[in-house]
Amino acid sequence: MKVIQNNYKNQPRNPHQLPEQTKLRVEKVKIKCGNCGSILEVSREDTHIGYLGLPYVTCPCCNYEMDVEEFEDDAIDICASNVKYPTHFTVSSKEFKAIEISDEEINKWIQQGIEYFRENPEEYSYFMGSGNSMVHMYKFDEDKEYYVIVSKDYESGEIEFEKEDYRTN
């Protein structure tokens, strides 16, 4: 390729094509608390990295934690080398009103798990979850038993794979 006439320097700069380091960073924002409705002025220094690696702030009025979308360029990828409990986890009913799952429904899930193991003898784990509840089941053939964990208002997080986590065949 040969440039006959370079007009790039004469064109107005498109801010969407600027390198990341030259884009203006928002340092302070006004946000409304999602719980109590208070209006807050928040700076980057007021935030901490929380669930999903997003920048969070805690409302000083009601202690509600919320992410600050305007500062998402500070977000980090949560992986095995930096994951921290409870910082990067969230309670299922903390961020939203989770549906309460009845004991009868949980008992149905346990029966479904047992049925799953009977139909799939090679399987050793089973999971079911909805609303504010989860059921984890494990089959131990040597002990001739099922190990069942029922969790309500559980905490969860997502951890990205690192290089060591990818299978190489």
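Taking θ as phi - 60°, what are the ³J(HN,Hα) couplings along the range 120-136 by the Karplus curve (6.51, -1.76, 1.60), each to the nearest whole Hz, with x for Gly and Pro?
Result, rounded to whole Hz: 10, x, 7, 7, 10, 9, 8, 9, 8, x, 6, x, 9, 10, 9, 10, 10.
Read phi for every residue in the range 108-119 and hand back ³J(HN,Hα) as whole Hz from Karplus 6.51 cos²θ - 1.76 cosθ + 1.60, θ = phi - 60°, with x for Gly and Pro.
Ordered by residue, 3J(HN,Hα) equals 5, 4, 5, 5, 5, x, 4, 4, 4, 4, 5, 7 Hz.
Pop a pseudo-label 7 angstrom from the Cα along the beta-carbon direction at both Glu122 and Tyr166 and give the gap in nm to one decimal.
Distance between label points: 2.7 nm.
Which shape class, rounded, prolate or oblate, goes with the range 73-169 when its Cα gyration tensor gives a ≥ b ≥ c as root eigenvalues, a/c under 1.5 marks rounded, and past that a/b bigger than b/c marks prolate?
oblate
Rounded to the nearest 0.05, what FRET efficiency do Ser130 and Leu52 have when you use their Cβ-Cβ distance and R0 = 22 Å?
About 0.60, to the nearest 0.05.
When ranked by the protection proxy of mean other Cβ atoms within 10 Å per residue, highest first, what sequence do the peptides 71-79, 126-134 form?
Ranked from most to least packed, the peptides come out as 126-134, 71-79.
Scan around Gly50 for amide H atoms under 5 Å from its own, H built in the peptide plane at 1.01 Å from N, and keep only partners 5 or more places away or cross-chain.
Tyr56
Residue-wise, which Karplus ³J(HN,Hα) couplings in Hz belong to the range 46-54, taking 6.51 cos²θ - 1.76 cosθ + 1.60, θ = phi - 60°, and x for glycine or proline?
Once θ is set to phi - 60°, the couplings for the range 46-54 become 7, 8, 9, 7, x, 3, 6, x, 8 Hz.
Which value, in Å², gives the accessible area per residue of the range 46-169 when a 1.4 Å probe is used on the protein heavy atoms?
Dividing the accessible area of the range 46-169 by its residue count gives 69 Å².
What distance in nm separates the two pseudo spin-label positions at Asp74 and Gln5, each 7 Å out from Cα along the beta-carbon direction?
4.8 nm
The values are calculated or read from the model by the stated rules, or taken from the named source; none is laboratory data. Computed from a prediction, not measured in an experiment: that's the story for all the values here. With ideal geometry, Cβ positions are generated from the backbone for all residues, glycine too; neighbour counts draw on all protein chains shown. The protein model used for the area step is the full one, side chains on, heavy atoms only, and it has no ligands, DNA or RNA in it. Shrake-Rupley method; radii C 1.70, N 1.55, O 1.52, S 1.80 Å.
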